[in-house]
Each structure stands twice: as structure tokens, then as C-alpha cells.
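Worksheet: one structure, shown below.
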Number of protein chains: 2
Amino acid sequence: MSNLQKEDFSAWYIQTIKQADLMDYSPVRGCIIFKPDSYEIWEHIQEEFNARFKEEGIRNAYFPMLIPESFFTKEKDHIEGFSPELPWVTEAAGEKLEERLALRPTSETMIGTAFGDWINSYRDLPMEINQWANVFRWEKKTLPFLRTSEFLWQEGHTAHSDEEDARRRTMRMLQVYKEVIEGLLAVPVYEGQKTPSERFAGAVDTYSVEAMMKDGKAVQAGTSHYMGTKFAEAFDIKYLNRDNEHVYAHTTSWGVSTRLIGAMIMVHGDEQGLVLPPKVAAKQVVLMPVGPWKKKPEIVERLEVLQKDLKATGIRVLLDDSDNSPGFKFNEWELKGVPMRIEFGPRDMENNQVMVKMRDLSDKVAVSLDEIMDFVPKALDEMQVRLLETARENRKANEYTNIDTLDELKAHIEAKKAAGEVPGFVLAGWDGELETEAKIKEETGFTTRNMPFNPPVEKTTCIVSGKPAKHTVWLARAY
Amino acid sequence: MSNLQKEDFSAWYIQTIKQADLMDYSPVRGCIIFKPDSYEIWEHIQEEFNARFKEEGIRNAYFPMLIPESFFTKEKDHIEGFSPELPWVTEAAGEKLEERLALRPTSETMIGTAFGDWINSYRDLPMEINQWANVFRWEKKTLPFLRTSEFLWQEGHTAHSDEEDARRRTMRMLQVYKEVIEGLLAVPVYEGQKTPSERFAGAVDTYSVEAMMKDGKAVQAGTSHYMGTKFAEAFDIKYLNRDNEHVYAHTTSWGVSTRLIGAMIMVHGDEQGLVLPPKVAAKQVVLMPVGPWKKKPEIVERLEVLQKDLKATGIRVLLDDSDNSPGFKFNEWELKGVPMRIEFGPRDMENNQVMVKMRDLSDKVAVSLDEIMDFVPKALDEMQVRLLETARENRKANEYTNIDTLDELKAHIEAKKAAGEVPGFVLAGWDGELETEAKIKEETGFTTRNMPFNPPVEKTTCIVSGKPAKHTVWLARAY
Ligand SMILES: [Zn+2]
Ligand SMILES: [Zn+2]
């Protein structure tokens, strides 16, 4: 058994996603190919979010990808935040354009312009739209799924009559993100507020859900922003209220992206490869004939019946009757993270049973063929719940809440490194000053992840200044 | 009642899609905003195709949008066909790029490069992938949905071990297109082969399904291409066959786009506005209280029950209990093309009935509340079938198969114009020469749509040269 995940997590990650056939590099810097096995995970994520958005009364739409340069300059913080990363179209159909067009990094400016046109009266509010789209951020360091020059995401944009309603939407979507990321991807997250320096460019308040990877590093899994009237002022999103006054709307935006795929892999994967939560796995069950060759036809026929029966109940099932050896197949499907393997050979046939191996458990169990149809969905549901619990336990084991000074933090990081362990998430008090936050990053590489709504404990003194803490923050290294 | 559709079809089209809230223009030339009511139509189209692709064993994936210039130059015909319309990224993150990157107009070159890497042995074939994506063609004349600088589409790309298998896939997808466009959008199409001059840039053979709009003009609704080994040679898609020889794969591609939305509107819309086929309508049924105000609460309560019951059976239903007058609401929902309107007032309550108006029929019918739950899905199914039949009749009425010379064609077009009627589709004999085809276009504005597989009659002499016809072709003006 390999020790690569433990010894070199990054190498393990790249090797695993390549071998499991999830992605390939492309000739365009930082742009990856989402191969069918990863794209299908994304489709399951989309299905779940679309169902949630519908419940919330949010409708999908599609806006142009190209954004005129002049749009960006309307909101000062926004352009400052994004301009270093923008790719530009400067020519089309053989002619130089009069104005450069950016490949959207996000659509606040495009949708803000449209909202400015569409919203006239309080009757038009709230206006709540979501878009599934490709977006571009030309970043220096890229990592498949987690940080790519082009990625796929959903971006919700809403406009409201007042702050209260806009803040309610902001917080509600953060909650939806938590529910879906935990419920579907089995990735536990901390919800909280970003510090001012980590806010979305142009937002009044940014909230996030943050997940811990197996190497202890953080992934920002989703964000939700309250914009106040800043974008409304920049894009003239005004409406006539019930008192017949023209006033600015309050806007929000919120998004999750294909980085969720990377986070899910880094939370559940093990030395054998991927471990996929059943709800998003392209294949939930693989059926495999085992044992002496001669018996194969009747064995395969029985498995075909089982495959058909399982398929009919909506289970995503595959029968691998290829000529490869069982050992080869075991490895292959474990690497690909298929949640359940069902083996069936001549002896099993005699005993009217199959052998079942769940991807996240080490033992095989015998299950009677009379009970298998009830067993499979139940076992998949249990695995879904178990993965979240296991991830919570892993996370808990790597949370540190007793570190009170920067020296202690440095010592903690050194000690973990020396022991070949992960430094994880550290809960700290923070005096709310930009300088103390910057100093943490500078001296340790840890950054503030968020100020959690429900921290395990409240920290009372700032980890840098020793002054009374204004906030309790999660610190971690981040992807 | 307006006569706009009859008198100025283009003006009717633009007015209808704007008033029905399907789209808005954007500040980027030729790029439109797909508002929720049109985007949802697209989502229903996607659902149906995804189900079909799955049945065919074709899986979705996602490839980078930006294509290095050098990729295009690998297949000569391909670059010649597309280069006049490409937008280019030339700078990113503040630096000029070493190589320009095109915004994909289609992904043969990107996916061809990947297939070249992924395909090694006959065991890897067929490789069959579909992508849902935004694509760009910077065209001079644009028209919402039908021809936009950025549009949404699916593009299928497959590689096969031999010509036979590749041609089978090419023809099969054309058939899938016909089934879905007729079955879901109720738009009848002619399937046939494109003439060489109308082939996809780089294809050996291009096939299309062509639809006739109410103004007699044609919309190419879907295309399927057999590439031979041309792209395989350009992108080195070679495999080791069973005889241990390295040989080129045979590839195909096929696509439909958001122009289907425009075609559907132009086939079914009428002077009152949109007429949406029930299978793709965002709302299939609108419930409306009518009659004296005082009775309203109990009327609305009964409609709320009906709404809930219909929703539970999967019907997409809306209750409009706004304060607008019934006349205003009738117009609004007719304009938006909602297939079924159900009215309910105090007298209906006494009679235990509702009044039902189907969008495509002029009479209202009374339906007992005891039978309404059976009635609604049945009436929607019937409307779906009826729309296709009506469209077939409209098309039949505008097909001309007795025109044998270019002078007759010109006279036909003039006569129709003078009568305020549409010139429609003309079936003609063609000698297969590029010059005769060019002459038709030059002198009449009609172009060859396709060489139909099942023409109503076989034409025997060329409409231009009078020589024996090699092919029977549909001629029409086209969008
Ligand atoms: Zn799936
Ligand atoms: Zn729908």
C-alpha cells in the first residue's frame, strides 16, 4: 500500500485525479479538461442546486460572457480586485475593437447593468436570478479543480427593496451552500464571515463556508455577499418605492464552483484513490464476476439480472465483465472511488449470496441475494452519512483551539511538520486590525478563513497583539 | 387584432420576444441576455437531449473555451471557414500573450487534440463525448436566438474505428435531432444532406434538419457531420487496430443550439404572441379568478387547491391572482404563450366547473371540476400533437414542387410577394454544379437547404441548366 497521500499530499492529489480519469491538462495555461467522470459529479451538484434554487424562487438565466471595459470601471473596488486577473478580447472578425472586452471573472457588472434597466418599481423586487457559466481568472498558480484559469460555477444575483431582505437572502444562500455541501458532498463546513481584507471586491460583507482538507489546508467552498447599495449606485439600480421615492436597491451575489469537486476529493480520498459520496458518484455500484473462468456465463447472467433490477430502482450500476483479473478490477474501481463493489462467484451462487465491499470500509460482508435489493440503497445511504461523520472526525482531530500567541502558533506548525502531521485549523482571537491579520500571514503562512458563527470556543485575546479580541477567527493555510 | 405577423414578420418576431420577456439586448454587439422564460425552454431542451445522449452511450464533458491559434491552422478548410468570424484574446493579466487564443466557434480542434492523446487502441473506440457550451461567431448581421455573436449549444464529437461506424453515428444523431425537434418543439423538419458548398468547414459530408418558419424562410435546426479521417490526420488521432497496424480514426461532430428557441417561436407564434409547446413551456397552465370581486377569496382558495393538485402531478402551473383585470391577464398570458388558461368565477363555482382556453384554439370549453385532473394532462398532450400537425399543414401549404426553371422560380417569388404571401420552400432539380447553385442564390436569394432523403417527388431536370438533375434539393431563403 502506498503512503503517498500521507507523505506528499499534492503529488497524491494530482496522481489520483489523473489515474481516476477525472481530468486532463490542456494546451491553454491553467485550463483543464473536465472528463466525463468529473463532469458528471458537477451535473449532480447542478441538479441539487437547481432544485434548491427553484424552492427559493430563484430562476436561471444566461448573460453575455464578454464584459466591456467601461463596466468594470464603474465600481472602483470591483475593478481593483479583478483587473490583475482579466483576459481581454481586443480583436474580432479581423478588426481591432474600439473597447476591450473582458472574459467575465464574475457578472456583477453585466447583471447590474441589466438590473438597472429592468427594475423600476418595488413591484419588480426582489429580482432573483442565477446563472450557470464559465468564468475566467488568469492566476499565476493553478491547481486542477481548485484553481484554474477557466472554471465552471453558478453565480446568483439578487436585488431587494431594503437591507433586511437582502441580508436575509445573503444568509439564506450561505445556509443552502452548507446544506448541499454537507448533504451531497459529505464535506463539513464552517460558516462564518470573512474579514474585511478577504471580502469580495466591492462587497459590504462577505460570508463563506470553509472546508478542511485531509492535509489540514482550507478550501473556501462557497461565498455569499451583501453588496449594500454599492453596485446599485454604480449601475443605477433604482426603484420607485411605496412612498413614491426613487431609491437604490440592495443587492447580493453568491457562488460555488467546480472547486467543490477538488475539495470533495481532498476530503474523502485515501491511499487507494478516490472515495466518492454515493449521491454524486457517476457509478454507485460495480458488479464483478469472480472465481473460476468456466462458471462465468451463468455468473454473468445472474449479475446482468441484478444490474437490471438495480437500474430499475434508479441505482447507477455498472457490470464489469471484462477479461481483466479480479485484482486489477478491484484496484481500478477503488481508484475511481465507486462506493460499492459487489462480487459474485461460483461459491456465492451455491450460497445464494454476494460479497459486498463498501469503498470506505475494509471488510467484505456476505449478503443474501434475497435481501440484496433492500441492502444496496440502504448501504449507500449509510455510506453517505458515514463519510460526513468520518470527515467531521478528521476535521475535529485537526482543530486547535488552545493556541494563544503567534509564538505558540509557529511552534505548533513546526511541531506538526516535524511529526509528519498536519497543522490543521487554528482558532484564534483577533483584535480586528489589518496589521495584526497581515502579520499572521507574513510570519506563518496561515490566513484568516472566516469568523465562524458558532466557534467551538470564544477566544478573548488577540493572537498577535495580546489585546482584547474583537473576533474569533479560524486560521489555516488555504488553497 | 394586430396584423403585424402577416405584414412584417421580422418586426412581429422582435416585438413578440421582447414583450414576452424572453430576451434583452446587451451592450456587447450581437450578444443577447437569455431571460428566465427563454432559458427555461433551453433547460427543457437540454433535459431531453441529455436523456437521449445517455441512451446512446454518449457522455458529457467540458473542454477549455480558449483555442490556441496554432490549433486552427492544422486543418486548412476549418480555419478558412471560421477565421473570418473569430474573436481573439491577445492579452491576459496585464501581459500580451505569445500566441493569440480564439474564443471557440466550435471545438473540433480542441477535442481533436485531446482525442489524439486519449485514443491508442481499438479498445478505446468508439469514443463519444458531448459538450454543452457557449460558442462565439462574430457575424455581421445578428438576430436574437437565430444568429448571435455568443450562443449556447451542444456539440457532440465522436471517434470510430471505421467509416461505417462513424457514418452510423452521424446518421443516428440526425435522427435523434429530428425526433427531439419534432417531438419536443413540435417543429417538423426535413432531413437531408447539405450540398458541398454548404458543408461544415472541414467535413466530408454534412447532413441537416431544416425547418420552415411561418414566413416561409428556412432555419437550419441541426447538423451532423462525417469528417472522414480529415481531423484525425490533422490531430493525429491514430489507433492500433486488431491487426496491429496504426491507422486513423474516423470522426463525427453534430450540434444544435439556442437557435432552436427562435425557430420554435417562428413556427408556432401568432398575432397574439408566443404559442409554446406544452413540453417546453416554463408554465403549462395559468389559473385565473374571474367575475365579481366580492367572491374572490373563496374562488382563489379553490384555485389554490387546484394549483396544488396539478403541481403534485408534475404540471407546471401558475395562479395569477394579481389585481390586473381579466382582459389584461388574458392578453399577458397569451402573449407569453402559456398553453392552457383555466378561468374560474362565481358562476363556475355554482356549476362545479372551470372554463378552459387552449392557447392554439379559439373556443373556451367548460370542464367539470370532477374531471379537471384527468383533463389537464390529456389536453396538454393533445395540444403538443396538434401543434406539430398544424405546423406540418402550414409547411405543406408553402411547399412548391412544380417549379422547373429559374424563370418560373423568379415569377413564383414575385407573385407571392405581390399577393402578400410567402414563397416558401421550392423543390428543384439540380445538376450538382457549383455554378448552377451559385446562380440560384445570385438571381433569387434562395439557397439550397438540403438534398432531402425523402423528397415529395424526384425532380429530373436542373432548374438552372435544364440538364438531367443529379439531386433533388430544397430551395428557400434562409435565416
Ligand atoms: Zn449521474
Ligand atoms: Zn421548467
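Fewest neighbouring Cβ atoms within 10 Å first, the residues B:Glu108, A:Glu332 line up as A:Glu332, B:Glu108. Past 32 Å, Cα to Cα: identify those pairs from B:Lys214/B:Lys441; A:Lys18/B:Lys141; A:Lys194/A:Lys416; A:Lys296/A:Lys364; A:Lys336/B:Lys96; B:Lys6/B:Lys467, in the order given. Pairs exceeding the cut-off: A:Lys18/B:Lys141; A:Lys336/B:Lys96; B:Lys6/B:Lys467.
Shown for B:His160, B:His225: other C-beta atoms within 10 Å of each C-beta, ranked fewest to most, produce the order B:His160, B:His225.
Cβ-Cβ distance of A:Asn331 and B:Glu163, R₀ of 30 Å, FRET efficiency by 1/(1 + (r/R0)^6): the value works out to about 0.25.
Note that region B:70-225, at 25 °C in a medium of 0.890 mPa s, gets a Stokes-Einstein diffusion coefficient of 140 µm²/s from its Kirkwood radius over C-alpha pairs.
Coupling constants for region A:473-479 follow from the phi torsions by the Karplus curve (6.51 cos²θ - 1.76 cosθ + 1.60, θ = phi - 60°), and in residue order they are 10, 8, 10, 6, 6, 10, 7 Hz; glycine and proline get x. Taking a ≥ b ≥ c as the square roots of the eigenvalues of the Cα gyration tensor, region B:362-423 is prolate, since a/c reaches 1.5 or more and a/b is larger than b/c. Is any residue of region B:38-67 close enough, with backbone N under 13 Å, to a label point placed 7 angstrom from the Cα of A:Asn50 along the Cα-Cβ axis, and if so, which? In region B:38-67, the label zone of A:Asn50 (backbone N under 13 Å from the point 7 Å along Cα→Cβ) covers B:39-52.
What shape does chain B take by its C-alpha gyration tensor, where a ≥ b ≥ c are the square roots of the eigenvalues and a/c under 1.5 counts as rounded, a/b above b/c as prolate, and the rest as oblate? Because a/c hits 1.5 or more and a/b exceeds b/c, chain B counts as prolate.
Taken one residue at a time, the phi angles of region B:94-105 give Karplus couplings (6.51, -1.76, 1.60, θ = phi - 60°) of x, 10, 6, 6, 5, 10, 5, 10, 7, 6, 3, x Hz. Gly and Pro are set to x. Counting neighbouring beta carbons within 10 Å and listing from fewest to most, the residues B:Glu150, B:Glu304, A:Glu435 come out as A:Glu435, B:Glu304, B:Glu150.
By the gyration tensor of its Cα atoms, with a ≥ b ≥ c the square roots of the eigenvalues, what is the shape of region B:69-156: rounded for a/c under 1.5, prolate for a/b over b/c, or oblate?
oblate
For region A:442-448, the Karplus equation 6.51 cos²θ - 1.76 cosθ + 1.60, evaluated at θ = phi - 60°, returns couplings of 4, 8, 10, x, 7, 10, 6 Hz by residue, with Gly and Pro reported as x.
Between amide H atoms placed 1.01 Å from N, distances below 5 Å from A:Asp270 occur with A:Val275, all of them 5 or more places distant or on a separate chain. Each other copy places its own label point for B:Pro27 at 3.5 nm from this one, sorted shortest first, where the point lies 7 Å along the Cα-to-beta carbon line. Taking all Cα pairs closer than 8 Å and separated by 6 or more residues, the relative contact order of chain B comes to 14 percent. Net charge of the neighbourhood of B:Asn60, taken over other residues with C-beta under 13 Å away and scored Lys/Arg +1, Asp/Glu -1, is -4. Each copy carries A:Asn3; placing its label point 7 Å along the C-beta direction from Cα gives inter-copy distances of 8.9 nm, listed from smallest up.
Inter-copy label distances at B:Leu434, shortest first and taken from points set 7 Å along Cα to Cβ: 6.6 nm.
The Cα center of region B:263-308 and the Cα center of region B:134-182 differ in position by 34 Å. Between amide H atoms placed 1.01 Å from N, distances below 5 Å from B:Arg449 occur with B:Trp474, B:Leu475, B:Ala476, all of them 5 or more places distant or on a separate chain.
Rg and Dmax of the protein assembly as shown, both derived from C-alpha coordinates alone, stand at 30.4, 97 Å.
Every number here is computed from the coordinates shown, using simple stated rules; none is lab data. Since we're looking at a predicted model, the values are computed, not measured. Every residue, glycine as well, gets a Cβ built from its backbone with ideal geometry; the counts of neighbours run over all protein chains shown.
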